[in-house]
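Q: Following this message is one structure expressed as structure tokens.
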Amino acid sequence: LNHPNITRVLDFGQEPDGLLYLVMEYLDGVGLRGILEKEQRLSLERIVKLTSQVCAGLAQAHSKGIIHKDIKPENLVIVPGHDDDGQPVEVVKICDFGIAQGAVQEETRRFQGTPEYMSPEQCTSSVLDQRSDVYSLGIVMYELATGDVPFIDEDLRHLLYLQINQAPPAPSYRFAGVDPRLEHIILKAIAKKKED
């Protein structure tokens, strides 16, 4: 994958002793989780700018038949960059394709991902497509807008049940200042039925 919003892999291989290695670009930035912990919620403008870049990176991966399967703030790093006019901008880098599923791979139906961000299909170990990443990004957007994910439960089974079956509370229920246009996009992204 070669895209401005995806962490570049520079080299990979295997040493004579069998050690596998992967060399990636160095990212001198901060994880989106760190930003959330400091700021709690982001402005509409910033959410749009950051998540648009995630969408662009995911579109590149999806065009190659790759599903990330673990989109969450910890796997999104913000690095400083410049726009075409030389003005400073935040550049998103999608990281950690460690459990990504490629189109050429035999699908292994395993429980993988981070439960708070997993699509209903992931929670049931069903066949996944690009819409699973869209769902996870919708959860990230929900968190950026409200300061929290829709479902939190220490009981993993109950959390998975909620992801599969429970309609999420509207973002504006959690934070009244959520723009209705953004709320509509978020709720569409985290619809329970992937055809929706």
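The values are calculated or read from the model by the stated rules, or taken from the named source; none is laboratory data. These figures come from a predicted structure and were not determined experimentally. Neighbour counts run over all protein chains shown; Cβ positions are idealised from the backbone, glycine included. Quick note on the areas: whole protein, heavy atoms, side chains included, nothing else; ligands and nucleic acids left out. Shrake-Rupley method; radii C 1.70, N 1.55, O 1.52, S 1.80 Å.
Q: Expressed as a whole number of Å, what is the distance separating the alpha-carbon centroids of segment 1-37 and segment 55-101?
A: Computed from Cα coordinates, the inter-centre distance equals 12 Å.
Q: Here's something else I'd like to know. Report, in deg cm²/dmol and to the nearest 500, the calculated mean residue ellipticity at 222 nm for the chain, where each DSSP H run with n ≥ 4 adds -39500 (n - 2.57) and the sum is divided by the residue count. Before the final figure, lay out each step's value.
A: Working: 7 runs with 73 residues, N = 196.
Only helices count here, giving -11000 deg cm²/dmol.
Q: Just to verify a number: FRET efficiency for residue 181 and residue 10, C-beta to C-beta distance, R0 = 30 Å, to 0.05? Walk me through the numbers before you get to the answer.
A: On the way: r = 39 Å, r/R0 = 1.31.
Once the sixth-power term is evaluated, E becomes 0.15.
Q: Only four residue types carry charge here, +1 at the Cβ of Lys and Arg and -1 at the Cβ of Asp and Glu. Report the dipole size of the chain about the Cα centre in Debye, rounded to the nearest 20.
A: Values: 20 positive and 30 negative charges, 124 e Å.
The dipole of the chain has a size of about 600 debye.
Q: If you count the DSSP beta bridges with both ends in the chain, what percent of them are antiparallel, to the nearest 5?
A: Numbers: 16 of 17 bridges.
DSSP beta bridges in the chain are roughly 95 percent antiparallel.
Q: Would you rank 195, 154, 143 by solvent-accessible area, highest first, keeping every protein chain in place and using a 1.4 Å probe? Write down the numbers at each step before the final one.
A: Details: 195 130, 154 190, 143 10 Å².
The ordering from most to least exposed comes out as 154, 195, 143.
Q: Something else now. Would you rank 25, 39 by solvent-accessible area, highest first, keeping every protein chain in place and using a 1.4 Å probe?
A: On the way: 25 35, 39 80 Å².
Ranking 25, 39 by accessible area, largest first, yields 39, 25.
Q: Follow-up. Going through segment 1-81, which chymotrypsin sites (Phe, Trp or Tyr not before Pro) have at most 15 other Cβ atoms within 10 Å and a DSSP loop state?
A: Working: sites: 12, 21, 26; in loops: 26.
In loop regions of segment 1-81 (DSSP not H, G, I, E or B), the sparsely surrounded chymotrypsin sites (Phe, Trp or Tyr not before Pro) are 26.
Q: So, one more: Report the one residue of 10, 27, 144 whose Cα lies farthest in the direction of the positive end of the charge dipole of the chain (charges on C-beta: Lys and Arg +1, Asp and Glu -1; origin at the Cα centre).
A: Toward the positive end, the furthest listed residue is 144.
Q: May I ask you to derive the relative contact order of segment 1-95, considering only C-alpha pairs under 8 Å and at least 6 residues apart, and to give it as an integer percent? Numbers along the way, then the final one.
A: Values: 117 pairs, mean separation 32.6, N = 95.
Normalised by residue count, the contact order of segment 1-95 is 34 percent.
Q: Here's a follow-up. Just read off the accessible area of residue 124 with the full protein assembly in place, 1.4 Å probe, to the nearest 10 Å².
A: 70 Å²
Q: Stretch residue 164-residue 85 to full length: gain in nm at 0.36 nm per residue minus the Cα-Cα span? Please report the intermediate quantities before stating the final value.
A: Numbers: separation 79, 0.36 × 79 = 28.44 nm, distance 4.50 nm.
In short, 23.9 nm is gained.
Q: Shifting gears a bit: Please arrange 68, 3, 184, 158 by accessible surface area, largest first, computed with a 1.4 Å probe and ligands excluded.
A: Descending order: 184, 158, 3, 68.
Q: Carbon and sulfur: what percent of the chain's accessible surface (1.4 Å probe)? Walk me through the numbers before you get to the answer.
A: Working: 5790 of 11060 Å².
Carbon-and-sulfur percentage of accessible area, whole number: 52.
Q: For the chain, just the Cα atoms, rotate onto the principal axes and tell me the three extents in Å, largest first.
A: Taking the Cα atoms of the chain, the three principal extents are 56, 46, 30 Å.
Q: Using a 1.4 angstrom probe, figure out how much accessible area the chain has per residue, in square angstrom, rounded to the nearest whole. Present the calculation step by step, with values, prior to reporting the outcome.
A: Details: 11060 Å² over 196 residues.
Normalised by residue count, the accessible surface of the chain is 56 Å².
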